[in-house]
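The values are calculated or read from the model by the stated rules, or taken from the named source; none is laboratory data. Predicted, not measured: the structure shown is a model, and the values here were computed from it. In this analysis, Cβ positions are derived from the backbone assuming ideal geometry, glycine residues included, and neighbour counts consider all displayed protein chains. Heavy atoms of the whole protein, side chains included, go into the accessibility calculation; ligands, DNA and RNA do not. Shrake-Rupley method; radii C 1.70, N 1.55, O 1.52, S 1.80 Å.
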Amino acid sequence: GFDGIVRAANRRLLPMSGGQYQLFRHEDPQAKGNIALNLDILDHYTGKKRPVSSLSGGESFMASLSLALGLSDLVTANAGGIRVDTLFIDEGFGTLDEKSLQDAIAMLQELSNSNKLIGIISHREELKQEISKKIQIHKTNKGSSLEINIES
């Protein structure tokens, strides 16, 4: 269930955030309505929980990526032979600071070494330098061209 996804996401988020962030299901016995899927984030640096809506763009990207990877891990582990081997990430990297970007790249490279195909759509120059296999689109005033680089 959702708690399993959150646990699996935390196995990704804790290292990606340098041990700073951990997701929790929001608990409010006074709240009315359906809040079963609301999440809080525990900041281990301050020791305080807060709503995920208070995360910065880069932090929110890391939490979202961790949830997607956690769901993939859970489906692969529990779905009777169904494997999620491909993940496409569209942007989001633009909101990451340098350290967070390097942590995210390291985690994605580790995943791609474990027989997962990770597709990244981004304009960040650092990603172009770090990722060896890529398709680059070059726009000119005469149209666009495609360059495929499959270095190992």
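Which residues, taken from segment 86-129, are assigned to a helix (DSSP H, G or I), among the hydroxyl-bearing types (Ser, Thr, Tyr) and modelled with pLDDT under 75? Give the steps one after another, and end with the answer.
Going through segment 86-129, the residues assigned to a helix (DSSP H, G or I) turn out to be 93-95, 98-112, 125-129.
Among the residues that remain, those that are also among the hydroxyl-bearing types (Ser, Thr, Tyr) are: 95, 100, 112.
Once the filter is applied, which keeps residues that are assigned to a helix (DSSP H, G or I), among the hydroxyl-bearing types (Ser, Thr, Tyr) and modelled with pLDDT under 75, segment 86-129 yields THR95, SER112.
When residues of segment 43-64 are filtered for being open to solvent by less than 30 Å² (accessible area, probe 1.4 Å) and at pLDDT 85 or above, how many remain?
3
Where the second residue is of a type in the set (Gly, Ala, Ser) and surrounded by 13 or more Cβ atoms within 10 Å (Cβ to Cβ) and the first is part of a loop (DSSP other than H, G, I, E, B) and at pLDDT 65 or above and lies in segment 10-39, which pairs have Cβ atoms under 8 Å and are six or more apart or on separate chains?
SER17/SER100
So, in segment 118-137, how many residues would count as being among the small types (Gly, Ala, Ser) and within 16 Å of the chain's Cα centre (by Cα)?
In the first step, residues of segment 118-137 are kept if they are among the small types (Gly, Ala, Ser); the result is 119, 122, 132.
If we keep only those that are within 16 Å of the chain's Cα centre (by Cα) as well, we get 119, 122.
Residues flagged as among the small types (Gly, Ala, Ser) and within 16 Å of the chain's Cα centre (by Cα) within segment 118-137 amount to 2.
Can you report the number of residues in segment 53-85 which are part of a helix (DSSP H, G or I) and of a type in the set (Val, Ile, Thr)?
Pass one, segment 53-85, residues part of a helix (DSSP H, G or I): 53-54, 57-78.
This time we only want the ones that are of a type in the set (Val, Ile, Thr), so: 75-76.
Of the residues in that region, 2 qualify.
Would you mind finding the one in SER122, SER145 that is surrounded by 10 or more Cβ atoms within 10 Å (Cβ to Cβ) and free of Cβ contacts under 8 Å to residues at least 12 places away in the same chain? Quick ask: steps written out before the conclusion?
Values: SER122 fails: free of Cβ contacts under 8 Å to residues at least 12 places away in the same chain.
Answer to the check: SER145.
Read through the list (1) touching a residue at least 24 places away in the same chain (Cβ under 8 Å); (2) closer than 13 Å to LEU127 by Cβ; (3) open to solvent by 50 Å² or more (accessible area, probe 1.4 Å); (4) of a type in the set (Gly, Ala, Ser), then give the number of the only condition that ALA104 fails.
The single condition ALA104 does not satisfy is (3).
How many residues does segment 90-120 contain that are under 17 Å from GLY58 (Cβ atoms), of a type in the set (A, V, I, L, M) and out of contact with any Pro (no Cβ under 8 Å at 6 or more places or on another chain)?
Step one: of segment 90-120, the residues under 17 Å from GLY58 (Cβ atoms) are 90-108, 120.
Restricting the remaining residues to those that are of a type in the set (A, V, I, L, M) gives 96, 101, 104-108, 120.
Next, only the ones that are out of contact with any Pro (no Cβ under 8 Å at 6 or more places or on another chain) stay: 96, 101, 104-106, 108, 120.
Selection size over segment 90-120: 7.
Return the residues of segment 130-142 that are surrounded by 10 or more Cβ atoms within 10 Å (Cβ to Cβ) and part of a strand (DSSP E or B); say none if nothing qualifies.
Of all residues in segment 130-142, those surrounded by 10 or more Cβ atoms within 10 Å (Cβ to Cβ) come to 130-136.
Answer for segment 130-142, where residues must be surrounded by 10 or more Cβ atoms within 10 Å (Cβ to Cβ) and part of a strand (DSSP E or B): LYS133, LYS134, ILE135, GLN136.
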